[in-house]
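**Student:** Below you'll find the structure I mean.
The values are calculated or read from the model by the stated rules, or taken from the named source; none is laboratory data. The model shown is predicted, which means the values in this text are computed figures rather than measured ones. Backbone-built Cβ (ideal geometry, glycine too); neighbour counts: all protein chains shown. Ligands, DNA and RNA are stripped out before the accessible areas are found, and what is left, the full protein with its side chains, is counted by its heavy atoms. Shrake-Rupley method; radii C 1.70, N 1.55, O 1.52, S 1.80 Å.
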Amino acid sequence: MKNKFYIFSIVFLLLIFQCNQLFAFGPTSTVQYNGIDISEWQGDINFEEVKNSGISIVYIKATQGTDYIDPYLEEYYNGAKTNDLKIGFYHFLTARSNEEAILEAKFFASSINNYTADCKLAMDFEEFGNLSVDEINSISATFLETVQNLTGKETIIYSDAFNSKNTFNRSLANNYPIWVAEYGVNEPRNGNWTEWTGFQYTNSGRISGISGNVDRDFFTDNIFLSDNTTIKIENNIVPNVNENFVIVRAGDTLSRIAEKYNTSYTYLAQINNIENPNLIYVGEKINIPNSNINTVRDTSHILYIVKSGDTLSGISLKYDVSINTLVSLNDIQNPNLIYVGEILRIPVIN
């Protein structure tokens with residue numbers, strides 16, 4: 001009986017090992033590069049120190065939605081380029097339809113016009129609202145294809161491991177490489193992609209030249225563009241007057257949107273025919289006056305978009321600011337209740 005149990009145990013362990021091998025999710029090549037991805041959350045960066053820390057690739061957040069350009073985009077680009085770092089750009093997608101995906105693709109492309117990218121242009125789509133899986137995949141394909149057509153550059157999907165397996169489909173996996181995020185593991189696992197081009201292994205990395213946490217990544221040589229000439233958009237696509245809007249996300253209020261764009265909530269209510277300024281809906285379009293669409297960077301604060309798993313205490317610890325300060329600054333009614341997609345203002349500690 002003991003021998004039978006011993007044999008069964010060996011067979012069971014072998015089956016587990018084979019299953020693990022079957023679902024192993026390895027890199028596209030043995031050649032790998034150390035990288036980081038950055039946005040205004042990192043504040044001022046010393047790129048010479050970053051380069052000396054062994055970083056080869058820097059992905060810079062360029063845009064979000066149809067109206068937000070990262071205020072550090074040009075500064076980060078120039079700093080990385082001056083120090084001979086390989087550069088990639090990513091866009092945080094908020095579209096809720098194929099039409100909005102096209103507008104965001106145009107905005108992204110026009111915002112990086114005349115810049116030189118070394119790495120594939122990345123789509124960061126991680127907040128889906130009430131979209132179905134089919135809608136998510138259709139919007140993603142529309143955005144990626146439009147960006148490629150406008151820029152002539154290849155694209156890549158950034159996603160956490162869960163969504164890269166359970167949300168994005170095999171059609172996308174067959175057509176676009178994956179830059180996958182999974183923390184606390186030596187190797188990410190996935191069901192739709194067989195290999196990764198990028199692997200974001202932590203969001204709390206530390207390197208010289210950056211104060212505070214930064215996302216750390218491994219990239220393979222598949223991350224590089226086949227054509228890394230300067231991006232040139234024909235006729236320089238720019239959203240027209242009717243495209244100046246924001247999409248309401250969870251946690252948004254009309255007063256916060258008005259504050260962000262230096263206008264009044266009563267005026268926004270008036271031009272958007274909103275009967276009750278205290279009642280707006282996730283996914284709703286809010287038109288913004290032309291004179292307010294491009295905002296000046298507020299160097300005393302950074303903006304933080306709440307992600308799945310975030311807590312106010314965790315954000316407080318990450319940015320070394322008290323919970324009471326965050327509550328007061330963001331008019332939070334319940335410190336134990338924040339929403340995915342909510343935008344929080346974080347004071348910059350000098």
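**Student:** I'd like to know if the range 230-253 contains one or more residues that are modelled with pLDDT of 70 or more, open to solvent by 60 Å² or more (accessible area, probe 1.4 Å) and within 22 Å of the chain's Cα centre (by Cα).
**Tutor:** Among the residues of the range 230-253, not one is modelled with pLDDT of 70 or more, open to solvent by 60 Å² or more (accessible area, probe 1.4 Å) and within 22 Å of the chain's Cα centre (by Cα), which makes the answer no.
**Student:** Output the residues belonging to the range 264-314 that are acidic (Asp, Glu), modelled with pLDDT of 80 or more and more than 20 Å from the chain's Cα centre (by Cα).
**Tutor:** Going through the range 264-314, the residues acidic (Asp, Glu) turn out to be 275, 284, 298, 310.
After this cut, where a residue has to be modelled with pLDDT of 80 or more as well, the list is 275, 284, 310.
Across the range 264-314, the qualifying residues are Glu275, Glu284.
**Student:** Go through the range 132-148 and report how many residues are within 19 Å of Asn174 (Cβ to Cβ), open to solvent by 30 Å² or more (accessible area, probe 1.4 Å) and not polar (S, T, N, Q).
**Tutor:** Going through the range 132-148 one residue at a time, the tally reaches 4.
**Student:** Just one of (1) open to solvent by 40 Å² or more (accessible area, probe 1.4 Å); (2) part of a helix (DSSP H, G or I); (3) of a type in the set (A, V, I, L, M, F, W, C) trips up Ala173, so point out which.
**Tutor:** Answer for Ala173: the failing condition is (1).
**Student:** Modelled with pLDDT of 95 or more, β-branched (Val, Ile, Thr) and surrounded by 22 or more Cβ atoms within 10 Å (Cβ to Cβ): does that describe Val58? Break it down into steps so the answer makes sense when it comes.
**Tutor:** Values: modelled with pLDDT of 95 or more: yes; β-branched (Val, Ile, Thr): yes; surrounded by 22 or more Cβ atoms within 10 Å (Cβ to Cβ): yes.
Considered against the rule, which asks whether it is modelled with pLDDT of 95 or more, β-branched (Val, Ile, Thr) and surrounded by 22 or more Cβ atoms within 10 Å (Cβ to Cβ), Val58 comes out as yes.
**Student:** Just wondering, is there one or more residues in the range 62-81 that are without any contact (Cβ under 8 Å) to a residue 40 or more places away in the chain, open to solvent by less than 20 Å² (accessible area, probe 1.4 Å) and either of a type in the set (A, V, I, L, M, F, W, C) or on the phi > 0 side of the Ramachandran plot (or both)?
**Tutor:** Checked the range 62-81: at least one residue is without any contact (Cβ under 8 Å) to a residue 40 or more places away in the chain, open to solvent by less than 20 Å² (accessible area, probe 1.4 Å) and either of a type in the set (A, V, I, L, M, F, W, C) or on the phi > 0 side of the Ramachandran plot (or both).
**Student:** Taking Thr151 as meeting all but one of (1) over 25 Å from Ser53 (Cβ atoms); (2) under 16 Å from the mean Cα position of the chain (by Cα); (3) open to solvent by less than 20 Å² (accessible area, probe 1.4 Å), write down the number of the exception.
**Tutor:** If we test Thr151 against (1) over 25 Å from Ser53 (Cβ atoms); (2) under 16 Å from the mean Cα position of the chain (by Cα); (3) open to solvent by less than 20 Å² (accessible area, probe 1.4 Å), just (2) comes out false.
**Student:** Considering only residues that are within 13 Å of the chain's Cα centre (by Cα) and more than 24 Å from Ser56 (Cβ to Cβ), which ones fall in the range 109-134? Explain how you work it out, then say what you get.
**Tutor:** Filtering the range 109-134 down to residues within 13 Å of the chain's Cα centre (by Cα) leaves 121-128.
Passing the criteria: Phe125, Glu126, Glu127, Phe128.
**Student:** Right, something else. Would you pick out the residues in the range 117-131 that are farther than 15 Å from Gly251 by Cβ and either touching a strand residue (DSSP E or B) at 6+ places or on another chain (Cβ under 9 Å) or open to solvent by less than 20 Å² (accessible area, probe 1.4 Å) (or both)?
**Tutor:** Those that are farther than 15 Å from Gly251 by Cβ and either touching a strand residue (DSSP E or B) at 6+ places or on another chain (Cβ under 9 Å) or open to solvent by less than 20 Å² (accessible area, probe 1.4 Å) (or both): Ala117, Asp118, Cys119, Lys120, Leu121, Ala122, Met123, Asp124, Phe125, Glu126.
**Student:** Sort through Ser138, Ser171, Ser208 and tell me the only one that's within 20 Å of Ala80 (Cβ to Cβ) and out of contact with any Pro (no Cβ under 8 Å at 6 or more places or on another chain). Give the steps one after another, and end with the answer.
**Tutor:** On the way: Ser138 fails: within 20 Å of Ala80 (Cβ to Cβ); Ser171 fails: within 20 Å of Ala80 (Cβ to Cβ).
Ser208 is the lone residue from the list that is within 20 Å of Ala80 (Cβ to Cβ) and out of contact with any Pro (no Cβ under 8 Å at 6 or more places or on another chain).
**Student:** What is the residue count in the range 145-160 for residues that are assigned to a helix (DSSP H, G or I) and within 21 Å of Asp221 (Cβ to Cβ)?
**Tutor:** Pass one, the range 145-160, residues assigned to a helix (DSSP H, G or I): 145-151.
From what's left, within 21 Å of Asp221 (Cβ to Cβ): 148, 151.
Residues flagged as assigned to a helix (DSSP H, G or I) and within 21 Å of Asp221 (Cβ to Cβ) within the range 145-160 amount to 2.
**Student:** Which residue pairs have Cβ atoms under 6 Å apart, sit 6 or more places apart or on different chains, and have a first residue in the range 116-136 that is more than 15 Å from Val147 (Cα to Cα) and of a type outside the set (Val, Ile, Thr) and a second that is modelled with pLDDT of 95 or more and open to solvent by less than 20 Å² (accessible area, probe 1.4 Å)?
**Tutor:** Asp118/Ile87; Phe128/Ile136
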